[in-house]
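The block underneath contains the structure these notes are about, expressed in structure tokens.
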Amino acid sequence: MATSDIENARRAPLWREAEFCLLALIVAGIYFTRVTALPLVGEESRWACGAAEMLRTGDWIVPRQQGEIFADRPPGASWAMALVGLVRGRVDEWAVRLPSIVATLLTSLLIYGYARHFLAPLGSLAAGLAFATSVQVLQLGRLGECEALFTLFVSASLLVWHAGYVRAWRPVAIWSAGYALAALATLVKGPQAPVYFVSVTCVFLLVERKWRWIVSWPPHLAGIAVFVAILAAWQVPYFLMTNWDAVLETWTGQAGRRFGLEKLLPHLVSYPLETLGCLLPWSLFLAALVLRPVREAWRAARPMTRFLIAAIAVTYPTVWLALEARGRYYMPLYPLVAVLLAWIVERCATAEAGSRLRGVWNTFLVVAGAAAILGGVAIAGATWVGPLAGVRQSAAWTAALVALCVIGGTALFWCRRKGGASAARLGLVATSAVVGLAYTGAVVNIDAARLNAVEPAVAEVRSHFPAGVHIASFGAVNHRFAYYYGEPIPRRDWPRTIGDVPSGLVYFCFSRTPGDNVVVRGRVVRYMPSSFPFAWEQVAAVSCERKKTSQPVEIVVIGRIVEPRVARATSTDPQFLPKTR
């Protein structure tokens, strides 16, 4: 990118660029649709319960589940849900998922703004779309988990810092902005954020031979002071309201078992492949690195590539060498990878006709176009092929998705023949639309059919309760059940004698895993007795599994005490209970 283009990118408001507006429209169209089509799954309901307790109790400092301290991680995600819930009046599905959706949109626009310092509008559009329509971002960017918010703040800390470095901001502003964003990321998920920020920036400055920036104490200390102030605003009152053990559990409870040597070699081989899969379809462009013109241009684009490569080189080992690391653990660095991929896209899409670089772009258009049309054929075929019942779409969805795939595939083939900047822009839009809207349509429909919706079962249970009845749980109850129950479920210790049963308690619930009376919460292991010291009868048993299954493992049993004054050991093993839902 020419120097004049960089200067124009500094002066011109981004929202006046057609590519910026186009990016915002595409990402909003993908993520702001069908928000409530799926039941809450995974950790969504856990953070939602924490947000609901914040609104109910007014305590925004100490995260709690069923009234007890929940010290697994800082409360940033629950704060975001609670803020939306405050506006909506309750923590519903929109309140749970809107923070992630907005974070995904903002991250895409942030990537565009950063990339415009080095790339043309076409490449910047490719960068934003490469992030927003990668397979894993499509999955997690619309769910109420921590990844989307964490990705926004971690990537912003690095990209804003480097943008300020390139644009020669005052050092105090650069360090303060970077540390402030790292602090916000820390409040979402923990210490991974400051470790990434400090290690990446210091390694980059050493590579650039600008080590004086690291020891320029007035600006650097100002940034550290901003970080400490933001973190202390929550950490100090949290410590005063809890204890030192809760503080340690918050910062160390999640990472203790992720490093080791057992089965390390298979993980070293499989994890990079998993990363490439998570970044499809855009990770296909990494194959262009075998071409000499790409490698030569890569070295020439050092103001950008040196920082991005340093960031990836420093951070990737933290997941590559962690045996229990999953693909999503590296999602905070996907924005930086997206900029590198977009640089390759721009080089290939704008290369001279007939060149090897242009051939890479044309090959991608052909592969993407063929995949789109074949995907449409597969969707149509699934409507009448019996063995594919699990992926079958309704007639209306089939017609819409087939039309999308055929139109998108045809547009990609046309772009290959036409060439030029406009055709390249259309190729990016068509690819993103097919991938993003096909996910929003077909994949969400498939998930909706296979996921276990707990809400109807819980509503049926509540319909059988007399008016004004409240229940308590013996031990921690599954968070999906607790969320959909909609009212506080006080947690009681497992009763070992009649005297342990709260006075007046009639209805109760407990989580049970068949054949296992060991309950693990965080790093604490508790052993439940296999019986109650009173006679009781089962009211219902609700499956809280993620997917529908005829043999659920995660079960919440709802019972009624029949003879509270009679000491009688009654088994709780689900094999003695009626069939669960």
How do the pairs read when you match residues in the range 288-305 that are outside any loop (DSSP other than H, G, I, E, B) with residues anywhere that are at pLDDT 85 or above, using Cβ under 6 Å and keeping only pairs 6 or more apart or on different chains? 288/344; 288/360; 293/357; 294/288; 297/347; 298/305; 304/118
Would you mind finding the one in 261, 231 that is within 28 Å of residue 324 (Cβ to Cβ), surrounded by fewer than 13 Cβ atoms within 10 Å (Cβ to Cβ) and either at pLDDT 90 or above or among the hydrophobic types (A, V, I, L, M, F, W, C) (or both)? 261
Looking at (1) within 29 Å of residue 345 (Cα to Cα); (2) modelled with pLDDT of 95 or more; (3) not hydroxyl-bearing (Ser, Thr, Tyr), find the lone condition where residue 174 falls short. (1)
So, residue 311, is that one assigned to a loop (DSSP other than H, G, I, E, B) and in contact with a helix residue (DSSP H, G or I) (Cβ under 8 Å, 6 or more places away or on another chain) or not? no
For the range 272-322, how many residues are among the hydroxyl-bearing types (Ser, Thr, Tyr) and under 21 Å from residue 363 (Cα atoms)? 1
So residue 324, is it in a loop (DSSP other than H, G, I, E, B), exposed (fewer than 13 other Cβ atoms within 10 Å of the Cβ) and among the acidic types (Asp, Glu): yes
Restricting attention to the range 146-173, the residues that are in a helix (DSSP H, G or I) and closer than 18 Å to residue 333 by Cα number exactly 17
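Yes/no matrix, rows are residues, columns are (1) within 24 Å of residue 378 (Cα to Cα); (2) outside the structural domain of residue 408 (by TED's automatic domain parsing):
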residue: 418; (1), (2): no, no
residue: 438; (1), (2): yes, no
residue: 460; (1), (2): no, yes
residue: 467; (1), (2): no, yes
residue: 481; (1), (2): no, yes
residue: 484; (1), (2): no, yes
residue: 491; (1), (2): no, yes
Given (1) more than 17 Å from the chain's Cα centre (by Cα); (2) under 22 Å from residue 231 (Cα atoms); (3) at pLDDT 95 or above, index of the condition residue 112 fails: (2)
Look at residue 176 and say whether it is of a type in the set (S, T, N, Q), part of a helix (DSSP H, G or I), surrounded by fewer than 16 Cβ atoms within 10 Å (Cβ to Cβ) and in contact (Cβ under 8 Å) with a residue 24 or more places away in the chain. no
Please verify whether residue 143 is assigned to a loop (DSSP other than H, G, I, E, B) and under 24 Å from residue 75 (Cα atoms), treating the condition exactly as stated. yes
Considering 168, 148, 120, which residue is farther than 21 Å from residue 350 by Cα, of a type in the set (A, V, I, L, M, F, W, C) and surrounded by fewer than 24 Cβ atoms within 10 Å (Cβ to Cβ)? 168
State whether one or more residues within the range 199-210 are crowded, with 16+ Cβ neighbours inside 10 Å and within 17 Å of residue 170 (Cα to Cα). yes
Selection from the range 198-226 of residues at pLDDT 90 or above and more than 18 Å from residue 303 (Cα to Cα) yields 198, 199, 218, 219, 220, 221, 222, 223, 224, 225, 226
When you scan the range 83-100, how many residues do you find that are of a type outside the set (D, E, K, R) and surrounded by 24 or more Cβ atoms within 10 Å (Cβ to Cβ)? 5
Residue by residue through the range 407-432, note down the ones that are over 19 Å from residue 352 (Cβ atoms) and of a type outside the set (A, V, I, L, M, F, W, C). 408, 409, 410, 431, 432
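The values are calculated or read from the model by the stated rules, or taken from the named source; none is laboratory data. Because the structure is predicted, anything quoted here is derived from the model rather than measured. Reconstructed Cβ throughout: ideal geometry from the backbone, glycine too, with neighbour counts over all protein chains shown.
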